[in-house]
C-alpha cells in the first residue's frame, strides 16, 4: 500500500482555506478515499451526528504529482481527526515550493515495537522546511470497509428520470441561514419543499403559529424537468405560498421532506467553502 502526492496551488487553497475548516465544524473525523482518478473527503452520519458529506475532486485538480497503489484496485482509505488536519494545513504559509503528502508507518516512543500509520506532510520553501505527521485513526480500511464507504456515495443511475435540483445562489444561502435560525426557535423539525417551477419553501410549525419562507424563480436542473409557467396567468402563481405549495404537491410537481432544524442549519455551512453553485 503506497501513496505519494504533491498538492498544487489549487489543492492548497481548497483544502486549507475552504474545505477542511468547514468539515472541522461539521464533524470530528474525516475519511479520505484515494482512488486512481479521484480524491474523496467524506464525513459519515456517525461523525457529524446526522449529515452525510462527500466531496469529490479529480486527482489532477488538486495534485500535480499523484501515485496511489494497493491490492484493492489501487484504492486507499483512511480516517483522520478533522481538527488535526486543519492544524497541519495551517502550517502551509508563504511562498511554498512544494507540499508533499505520503502514507508512512513509524514507531512511536510509547509503542516502539509497533509501527503506526501516518499521513506525512512535507512543506518546502526557500526559507524553511516543515515536516508533520497526521495520525491515522486505526488502520487503513480493509477492502470490505472501502466498499461500505463507497456504498454511501451518490449513484447517478439511482437518481431517476424525475429527480431535479434547484440552483440556489450563494447569496441566497446566507438568507436561508437567517431564516432557519428563526425557524429553529419554533420547532426542532423544518419542512423543506421544492417545486418544478423553481420555488423553495421552508416552514416550521408550533402549537399556535406557522412560520415559513418562500424563494421563487430559482433555476431548475436539469432544464428538461423545469416547468415553463407564465407568471401572469398560471395558477401556480396565485394564492399564498402555502396554497401554491399544496397545489404543486397535488399535481405531482413538488417534493417535500421533514428535516431536523440543526441538520439543515449545519448543512448550510457549505457556504464556507465559497461555492460557485449550491444545488438543493
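The values are calculated or read from the model by the stated rules, or taken from the named source; none is laboratory data. Keep in mind that what you see is a predicted model, and the values were worked out from it rather than measured. Cβ: placed from backbone, ideal geometry, glycine included. Neighbour counts: every protein chain shown.
Just to be sure I understand, how many residues within region 201-219 are part of a strand (DSSP E or B) and surrounded by fewer than 20 Cβ atoms within 10 Å (Cβ to Cβ)?
Of the residues in region 201-219, the ones part of a strand (DSSP E or B) are 201-205, 210-215, 219.
Checking which are surrounded by fewer than 20 Cβ atoms within 10 Å (Cβ to Cβ) leaves us with 205, 210-214, 219.
The number of residues fulfilling the criteria is 7.
Of all residues in region 166-179, how many are in contact with a helix residue (DSSP H, G or I) (Cβ under 9 Å, 6 or more places away or on another chain) and at pLDDT 90 or above?
The total comes to 5.
Looking at region 235-280 only, could you name the residues that are part of a strand (DSSP E or B) and in contact with a helix residue (DSSP H, G or I) (Cβ under 9 Å, 6 or more places away or on another chain)?
Step one: filter region 235-280 for residues part of a strand (DSSP E or B), giving 254-260, 278-279.
Residues satisfying the conditions are 254, 255, 256, 259, 278.
Scan region 26-40 residue by residue and report those that are within 18 Å of residue 148 (Cβ to Cβ) and surrounded by 15 or more Cβ atoms within 10 Å (Cβ to Cβ).
Here is the first cut: in region 26-40, the ones within 18 Å of residue 148 (Cβ to Cβ) are 27, 29-35, 38, 40.
Result: 27, 29, 30, 31, 32, 33, 34, 35, 40.
A quick yes/no check of all residues on (1) surrounded by fewer than 14 Cβ atoms within 10 Å (Cβ to Cβ); (2) outside the structural domain of residue 197 (by TED's automatic domain parsing); (3) at pLDDT below 95:
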residue	(1), (2), (3)
54	no, yes, yes
65	yes, yes, no
94	yes, yes, yes
97	yes, yes, yes
116	no, yes, yes
129	yes, yes, yes
160	yes, yes, yes
